[in-house]
Amino acid sequence: MKISSAQYLTSSANPTQKLSLDYPHIAVMGKSNVGKSSFINYLTNNGKLARVSKQPGRTKMINYFLVNNNFIVADLPGYGFAKVSDAEKERWAELIEDYLINDANLAYALFLVDIRHEPTLNDITMYNFLIKSNIPFCIVATKSDKLSKMQCRLSIGKLASFFKVGIDNILPISSVTKTGLDAVTDKIQQTLNA
C-alpha cells in the first residue's frame, strides 16, 4: 500500500464526541514515550501531521487523521509515564476504553511497544484488553534503530514469547532509519480488503 495523502480531521476529548464519518479506523496505541507521533508521521509520509514532543503525554485526546481518503488513523492518548494527575489519567483511560469498546468503525489496532524494553504493566493491561475485547491487532516494535540486527532479533523473540504470539506478529520499525513500514501497511491493506 502506498500512502499518498493524510490530513488531520478532528479530536475527541470525551466519549460523547464521536466522529461521524463512516471510514474504517486503524487505532494507534502505546505508552506515552513509545513514539506514536513519530510513527504516525512515518506511516503517512508527513513529518508534520502528528505533533512530536520530547515530553511524554502530549496527546490528551483521540486525534483523527483521514488517510488516502480511504481509512482513518485514530491516535489514542498514551499511557504510563505522563506527568499528569491521576484524575487526568483516569479520564484518558475512560476515553480509550469507550473508543475501543464502542466505536463500530474500529477495524484494527496497531499496538506500539518499545523494542528495547520488556513490556510494562500498562502494556500488559492493554494487551489483555485487546485480547478480551476480540480486537484484531498486531504489535509494532518501535525504535529498532537503537539496537543491532542481532539484538532486534533477540528482542522480537522475547516479545513474541512474552505476548504468546508468532514472531510474524511483532513488526520492528524505525522512523529514523525508515525501515519496517511495508509490513505495517500490508497489515492495514489486509484489514481494508477483508
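The values are calculated or read from the model by the stated rules, or taken from the named source; none is laboratory data. These numbers come from a predicted model, not from an experiment. Counting neighbours? That spans all protein chains shown, and the Cβs are built from the backbone with ideal geometry, glycine included.
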Open item on the list: Step by step: first the residues of segment 1-45, then only those that are assigned to a loop (DSSP other than H, G, I, E, B) and of a type in the set (Lys, Arg), then the one that is surrounded by the most Cβ atoms within 10 Å (Cβ to Cβ). Which residue is that?
Closed with: Lys18
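For every residue, the table says whether it meets (1) modelled with pLDDT of 90 or more; (2) not charged (D, E, K, R).
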position: Ser38; (1), (2): yes, yes
position: Asn41; (1), (2): yes, yes
position: Arg51; (1), (2): no, no
position: Gly57; (1), (2): no, yes
position: Phe71; (1), (2): yes, yes
position: Asp86; (1), (2): no, no
position: Arg91; (1), (2): no, no
position: Ala104; (1), (2): yes, yes
- [ ] Go through segment 135-176 residue by residue and tally those that are at pLDDT 95 or above and either at positive phi or of a type in the set (Ser, Thr, Tyr) (or both).
- [x] 6
- [ ] For Ile188, indicate whether it is within 14 Å of the chain's Cα centre (by Cα) and in a loop (DSSP other than H, G, I, E, B).
- [x] no
Open item on the list: Just to be sure I understand, how many residues within segment 133-151 are in a helix (DSSP H, G or I) and buried (at least 21 other Cβ atoms within 10 Å of the Cβ)?
Closed with: 1
Open item on the list: Anything in segment 10-49 that is touching a Phe, Trp or Tyr at 6+ places or on another chain (Cβ under 9 Å), hydroxyl-bearing (Ser, Thr, Tyr) and over 26 Å from Asn193 (Cβ atoms)? List them, or say none.
Closed with: Thr10, Ser11, Ser12, Ser32
